[in-house]
Structure formats: structure tokens, C-alpha cells
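Novice: Sharing a structure below in C-alpha cells format, with a few things to ask.
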Amino acid sequence: MPGIVTPAIRYPQGRVDARQLHLSSGAPLDEVLNITRCDGFPALDAAEQSWELAAEAASDLLRREGVAPDQISHVIYAGTGCWDQPFWSPAAKIAQAIGIHGAHCFEVTNFCNAAWTAISLACDKLEAGRADLVLVVTADQLSRLVDRDCADSLSLFNFGDAAAAVLVKRSEGRYRLLHSAMRTDPEWVDYYAGAWRDGKVRIERQPHRRGLAQAYLDNFAALVQRTLAALGKSLSDVRYLLINHGDEDMHRSLLDRLGLGEERTVFNYHRLGHMGSADTLIALEQLERGQRLQAGDLILLASSAMGFSWGITAVEYQA
């Protein structure tokens, strides 16, 4: 059964400051803080590129795991599709930077659900015998897609940046990959979309439409139940539920809906924004670093994305 090793995480040097968001947008500070939930968080500065963060994470990961670059058969870069350059392959750039030769390098675009989509795809290749050792990296430029001078973008003011890298192995991973269930509701496809403004892509939302928060709860709950049924498990068997850090209120509502206590998740809202696909990988690494895991722990990773897509991935921790 395929597995992944402990993720490697990298943060940029730049930061988004909540008070500056208030000043530049004119949105009241209390409303800004209600979205960011902290005074500031990591984000790319003007000189940083997301692929470089991902390459640093990947290089450190291979060194830590004692894996030679040419042992990698595939490099998958997961994200929004808004790369550092247009019409260009960040996966191939990372391979060049860290000395991977002969691997198939490509990108997976599924927004903030992309990392677990890429990991699921890697598992399919490994189980079919079409891959040996897959490097999955995720890094985006979410903070650069937000118009910080516009109060209409308030709901996106918590978008930050981070990079994560994982190795997906045919067996012997620190986390066994047990099951993955994902679904998309295309009725929401046009609710958010990018638009060109002054030569830059900025995310715009259509006029407010009720029901998206409920769709999050309903889809996550349904996918949790589908996953547990496939595994022959119940909610009492779940040690942790980790979720994208897009909305703390929704996070808490999902815990309530499932009857899970706050001790069975990770909250990083006090120090991080929504760091894209890296969110759940950051939380997973944090649990292990904090020695909060025991062999056999069942962990559910809840990811979601524009489009709108939702996913639940189940892993089992191997001490």
C-alpha cells in the first residue's frame, strides 16, 4: 500500500500585515482581523518565487530521506495554475534545480485541493506499476492574486503562501495512504474567477450567493462518511481531522457536525493564513513534530478548492 513520508515545509520571507490591509483597502480593522484571525502571516515578497520555495522544500526532503534525485520517476507540481511564469513548467524547473534527470515532470491544477489530488494520482501510478518514487510539491502565489486595495476582496484577505514537498512511495511510508474520496459541485464554478487588472491576475467574486458554507459542511460530511464506510471505520476511530485553513468558523462548524472535539484537530489561525494546498501538510508535520501521534492513528485530511471541489484523504500513522 502506498505511503508518504513526513512533509517538508518552507515559508517565504515576506509577510502580509493585517493593519496594512486595513489601511490600503479602507476595510475596518475589526473586519480584517475577523478574516485573518491574526496580525500577520507569511506571504511572498516582491523578490520571491513560489517554485524556489518548493525546490528548497524538495531538496531538503530528499536529503533528509537519503534519496538520490535520480531515484525519482515523477515530479508533480500541484497548485492553482498561476505559476511564476506563464506557459511554463514549474515541475520541470524544480527537477532542473535539484538534479532530477529522466523523470516525467508535470503539473496538477485543482487549486487548494491540488496537493491531495496529486498524491492520489501518484498512488494510482505506483499501484499500476507505472512509477517508482514520486515527488509531489505544492506552492502557489495566493497572496498575489488578492487585490489588497479593495474592500470587496475582504473574504480573501487571509490568503498567504507556503511550500510543501512529500515523497509518495510504493510502501514503507511514515503515513499509509488508505483511501481518497473527492467530488466537485460545478454549480459554483463561476462564483470566483480570475480577472486581468493592470497586467495582473486578481480573484473576483460574483455577487454574494447563499449556500456555499452549507455546501462545504454537506460535502465534507458526506465524504467523511464515504471514506469511513470504505475503511469499515467510524468517527470514534478518527484520531485527527485536519482541514484547509480557509475559514475558522467553518472549521469549527464541521467539527460540531461530526461530533469531534477541538483536541482532534489543529488550529493555526493565530499564526498562519490560508496557505493553499500546504495547509493540511503543515498541520500533519506539526502533529508529528509535536509528538502528538501514535502508531495506528487514523487521520483524515479535508481539502477544498475553487471550482468547487472537496476531498477527504485517510492516512494511518506508522511510528
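Novice: At a 1.4 Å probe radius, which order do SER171, SER304 fall into by accessible area, largest first? Don't skip to the answer; put the middle values down first.
Specialist: Details: SER171 60, SER304 15 Å².
Order by accessible area, largest first: SER171, SER304.
Novice: Peptides 201-212, 14-25, 283-294: what's the order by average Cβ count within 10 Å, highest mean first? Each step should come with its number before you reach the end.
Specialist: Working: 201-212: 12.2, 14-25: 17.3, 283-294: 15.2.
Order by mean packing, descending: 14-25, 283-294, 201-212.
Novice: Could you state the number of Å between the C-alpha centres of segment 170-189 and segment 114-141?
Specialist: Between the Cα centres of segment 114-141 and segment 170-189 lies a distance of 11 Å.
Novice: Something else about it: Can you report the principal axis dimensions of segment 1-97 using only the alpha carbons, biggest first, rounded to whole angstrom?
Specialist: Rounded to whole Å, the extents work out to 52, 31, 24 Å.
Novice: Under 13 Å from the Cβ of GLU285, count the other residues' Cβ atoms, weight Lys and Arg +1, Asp and Glu -1, and hand me the total. Before the final figure, lay out each step's value.
Specialist: Details: positive: ARG10, ARG64, ARG174, ARG289, ARG292; negative: ASP60, ASP279, GLU288.
Summing Lys and Arg as +1 and Asp and Glu as -1 gives +2.
Novice: Between TYR317, GLY40, LEU145, whose Cα lies farthest towards the positive end of the dipole of the chain when Lys and Arg beta carbons carry +1 and Asp and Glu beta carbons carry -1, centred on the Cα centre?
Specialist: Positive-most Cα among the choices belongs to TYR317.
Novice: Sort all Cα-Cα distances of segment 170-297 into consecutive 10 angstrom bins from zero, then give the percent of pairs in each bin up to the one containing the longest distance.
Specialist: 10, 34, 36, 15, 5, 0
Novice: Related question: Considering only ALA92, ALA162, ALA122, give the residue with the highest GNM mean-square fluctuation for the chain, with springs between Cα atoms whenever their separation is below 10 Å.
Specialist: Taking springs between Cα atoms under 10 Å, the residue moving most is ALA92.
Novice: Quick check for you: with a 1.4 Å probe and neighbouring chains kept, what is the accessible area per residue of segment 267-308, in Å²? The partial results should precede the final answer.
Specialist: On the way: 1290 Å² over 42 residues.
Here the residues of segment 267-308 average 31 Å² of exposed surface.
Novice: Ordered by residue, what ³J(HN,Hα) values in Hz, to whole numbers, does segment 311-319 give under the Karplus form 6.51 cos²θ - 1.76 cosθ + 1.60, where θ = phi - 60° and Gly and Pro are x?
Specialist: Karplus-based 3J(HN,Hα) across segment 311-319 equals x, 10, 10, 9, 10, 10, 6, 10, 4 Hz.
Novice: State the percent of C-alpha pairs, over all pairs in the chain, separated by a distance greater than 27 angstrom. Each step should come with its number before you reach the end.
Specialist: On the way: 20310 of 50721 pairs.
That fraction is 40 percent.
Novice: Per-residue counts of other Cβ atoms within 10 Å, averaged by peptide: what ranking do you get for 67-78, 134-145, highest first?
Specialist: Details: 67-78: 20.9, 134-145: 26.8.
Ranked from most to least packed, the peptides come out as 134-145, 67-78.
Novice: Also: About the Cα centre of segment 1-90, what is the dipole size in debye to 20, counting +1 per Lys and Arg Cβ and -1 per Asp and Glu Cβ, all else neutral?
Specialist: Working: 6 positive and 12 negative charges, 34 e Å.
That gives segment 1-90 a dipole magnitude of about 160 debye.
Novice: Which ³J(HN,Hα) values in Hz, rounded to whole numbers, follow from the phi angles of segment 151-158 under the Karplus curve 6.51 cos²θ - 1.76 cosθ + 1.60, where θ = phi - 60° and Gly and Pro get x?
Specialist: 5, 5, 8, 3, 5, 9, 5, 8
Novice: So for segment 81-218, Kirkwood radius off the Cα pairs, Stokes-Einstein at 4 °C and 1.567 mPa s: how many µm² s⁻¹? Before the final figure, lay out the partial values.
Specialist: Working: Rh = 17.6 Å.
This corresponds to a translational diffusion coefficient of 74 µm²/s.
Novice: Calculate I(q)/I(0) for segment 61-131 by the Debye formula, one identical point scatterer on each C-alpha and no solvent, and give its log10 at q = 0.20, 0.25, 0.27 Å⁻¹ to two decimals.
Specialist: -0.92, -1.23, -1.28
Novice: Among SER234, SER120, SER180, which one shows the biggest mean-square fluctuation in a GNM of the chain, springs joining Cα atoms closer than 10 Å?
Specialist: Among SER234, SER120, SER180, the largest GNM mean-square fluctuation belongs to SER234.
Novice: OK, next. What size of dipole, in debye to the nearest 20, comes out for the chain about its Cα centre when the only charges are +1 on Lys and Arg C-beta atoms and -1 on Asp and Glu C-beta atoms?
Specialist: Numbers: 31 positive and 40 negative charges, 109 e Å.
Charge dipole, the chain, about its Cα centre: 520 debye, nearest 20.
Novice: OK, next. Probe radius 1.4 Å, ligands and nucleic acids ignored: give me the carbon and sulfur share of the accessible area of the chain as a rounded percent. Show your work: numbers first, answer last.
Specialist: Values: 6340 of 13730 Å².
Ligands and nucleic acids excluded, carbon and sulfur reach 46 percent.
Novice: In terms of the Cα gyration tensor, with a ≥ b ≥ c the square roots of its eigenvalues, is segment 166-235 rounded because a/c is under 1.5, prolate because a/b exceeds b/c, or oblate? Intermediate results must be reported in sequence, preceding the final value.
Specialist: Details: a/c = 4.28, a/b = 1.62, b/c = 2.65.
Oblate is the answer for segment 166-235, as a/c is 1.5 or above yet b/c matches or exceeds a/b.
The values are calculated or read from the model by the stated rules, or taken from the named source; none is laboratory data. Please read these numbers as outputs of a predicted model, since none were measured by experiment. Backbone-built Cβ (ideal geometry, glycine too); neighbour counts: all protein chains shown. Side chains are part of the model used for accessible areas, which takes the heavy atoms of the whole protein and leaves out ligands, DNA and RNA. Shrake-Rupley method; radii C 1.70, N 1.55, O 1.52, S 1.80 Å.
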